[in-house]
Every structure is written in C-alpha cells, then in structure tokens.
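A short write-up of the structure that comes next.
None of the figures in this text is laboratory data; all of them are computed from the coordinates on show. In this text, all values refer to a predicted model and were calculated from it rather than measured experimentally. Note that each Cβ is placed from the backbone with ideal geometry, even for glycine, and that neighbours are counted across all protein chains shown.
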Amino acid sequence: MRVRPPIVLTLMLALSGCASYGESASGFLNAQIAAAYIPLRDNGLFTERDGAAVVVAPGIAVTNAHNANLVDTASVIGALNDYDLLYFRTSRIAALPSAAPSDGEVVIAYGQGSDGSLRASRGIIRRFWPAAFGYVSDAGPGFSGGPVVDAKSGALVGITYGYLDNAGPSGRLMVAYRADFVIAELAKGVHAPPP
C-alpha cells in the first residue's frame, strides 16, 4: 500500500519530537535546584515542544526568547535585544545562588525530555565568550532555557541556549549564557519588548 505524502509528512513531524537527550533524571542535585527549576511544555497540534526556565530572583524566572510560546504572555517582563533571553514573572521565589563558570568545571544541565520527563546531562566547560561559555555534553532539545549548575555545589553558572557544533563522540558543544551576565542584565532593567 502506498502512503500518501500528507500522511508521511504528518508522521515525520510527529516523530521529530520523539528524541530525548541527556539522561533520564529521577531528581535534582539538591532541593534548591528543584525549587528554582521550571519545566516548559507546548502541546501543539502536530508536535510537542519542551524547554525549561529557572528562577533568578524572587518572583522572576528566565528562559530563552525562542521559548516565548511556552510562557504565558501575561507574565512576560521583557527580553534582551541581541540575546536569546526572556524574563517572566513566576510565583516561585527560591532563586539559586550563582557562581562564575571556570574552564574544566564539571557541570550538570537540566532540561525536559520529549515525554515531559526531567533530563540531566553532565558536561565539562571548555570555551568562553564575553557573555557565554561552551560545555561539552549530550544535552539537546528540551534543555533550552534550563539551568547549568556546578556539579559539586549546585550553584547556577549558566542558562543553556543552543549548540555550536559536534564535539565528537563525547557529546556536542552546548552554549550557555553566563549566570552573572543574565542576573546583571536583569538588575539593569529589562525594557525590550518580548519577541
């Protein structure tokens, strides 16, 4: 029996969201991370999309601007021009302590799996830019906007927003905004309209 093109396209779209990245996680490194972590999900007509956010100040969370459709528009405070960051109001007040990332630091990134489950991915920081850093890990879709924490202390060091290239068999080079940059920009005042 021949499958008609619209049916094939529908199946491809449905299957494209089925991959999960990182390891299935039964919990967080500590209770502070659990209290600050916010899962994001959009159950679309043909696909489901997952992301994450984290509380960075009492009542204020951050995610990626490309996750805007996963956040209630009434809660949006604003976005940063030239950066993939979106700040929004939340009822959660437990912000994580933050720390500056360092070269070779072992980190854990948190995100959502395609089935809505919590995912975690260990990585090592290997590259730096003025507002961001790269860490080698097996994170992927669903980690956008999620926290990257120091694997020992649980301190927030970054917010995942994408990847640059394949880093070889050990994973890919994920890119995260530095937590100190994200928090400093919030302190300056986020006035840009949301995307």
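What length, rounded to one decimal in nm, is gained on full extension from Ala25 through to Ala57, with 0.36 nm per residue of separation minus their alpha-carbon distance?
Working: separation 32, 0.36 × 32 = 11.52 nm, distance 2.51 nm.
Taking Ala25 through Ala57 to full extension adds about 9.0 nm, to one decimal.
Taking 7 Å along the Cα-to-C-beta vector as the label spot, tell me the Ile183-Phe128 distance in nanometres, rounded to one decimal.
1.7 nm
Could you calculate the contour length gain from Ala35 to Asn69, that is, 0.36 nm times the residue separation minus the distance between their Cα atoms, to one decimal place in nm? Present the calculation step by step, with values, prior to reporting the outcome.
Numbers: separation 34, 0.36 × 34 = 12.24 nm, distance 2.28 nm.
Roughly 10.0 nm would be gained on extension.
So if we plug the beta-carbon distance of Ser91 and Lys152 into 1/(1 + (r/R0)^6) with R0 = 41 Å, what FRET efficiency do we get, rounded to 0.05? Before the final figure, lay out the partial values.
Working: r = 30 Å, r/R0 = 0.72.
With R0 = 41 Å, the Cβ-Cβ based efficiency is 0.90.
Please provide three numbers in whole Å: the alpha-carbon extents of the stretch 25-188 along the principal axes, with the largest listed first.
Taking the Cα atoms of the stretch 25-188, the three principal extents are 40, 39, 33 Å.
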